[in-house]
Structure formats: structure tokens, C-alpha cells
1. Output the number of residues of the range 31-42 satisfying the condition of being in contact with a helix residue (DSSP H, G or I) (Cβ under 8 Å, 6 or more places away or on another chain) and closer than 14 Å to residue 71 by Cα.
2. Take the residues in the range 49-71 that are within 14 Å of residue 28 (Cα to Cα) and out of contact with any helix residue (DSSP H, G or I) (no Cβ under 9 Å at 6 or more places or on another chain); name whichever of them is surrounded by the most Cβ atoms within 10 Å (Cβ to Cβ).
3. Of all the residues that make up the range 1-33, how many are surrounded by 10 or more Cβ atoms within 10 Å (Cβ to Cβ) and either modelled with pLDDT under 55 or farther than 16 Å from residue 79 by Cα (or both)?
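The values are calculated or read from the model by the stated rules, or taken from the named source; none is laboratory data. On a predicted model such as this, the values are computed, not experimentally measured, just so you know. We place every Cβ from the backbone using ideal geometry, glycine too, and count neighbours over all the protein chains shown.
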């Protein structure tokens, strides 16, 4: 693609849609960081020393708190809100 970069229409127009950045708990920040590292629920469970089912629950709660549908959206919203860097 050469030296071209893609920017969404919202970025090109200079207006961004409203972005709600909720407050996260310490545990939610930990889970978000681990998601941003690309870890699975099993790997998150190992890192946090909890069961895999508990890790899944943490992930589901984080997605709900961030009001997103999947892990990628969670990481992207976390980046936009300054909660996580990759």
C-alpha cells in the first residue's frame, strides 16, 4: 500500500463519536492488560492464579463494564480511553 494509511471517516472529518470511558477496578485493569497481551482465558487464569471459569467471568464483566461485544473491542476501547497500551 505504499505510504498510505487508513483513517475512518470520523477521523478524517475531525469529529469523533461520543466515547464513554468508564472507571475500572484494579482487577479489570489487570484483565484488560492481559487481553491486550493476547492471552486466552486459560492463560489469564494462570497469571491471576484463579480458575479458568473465574477468568471467563472476569472477561465477561470487563466487556460489560466497557459496553463492548468482544475482546478486541475491549482492547481498542481501552487504548482510546488511555487505559492500556500495547
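1. Looking only at that region, the number is 7.
2. Here the residue is 57.
3. So the answer is 5.
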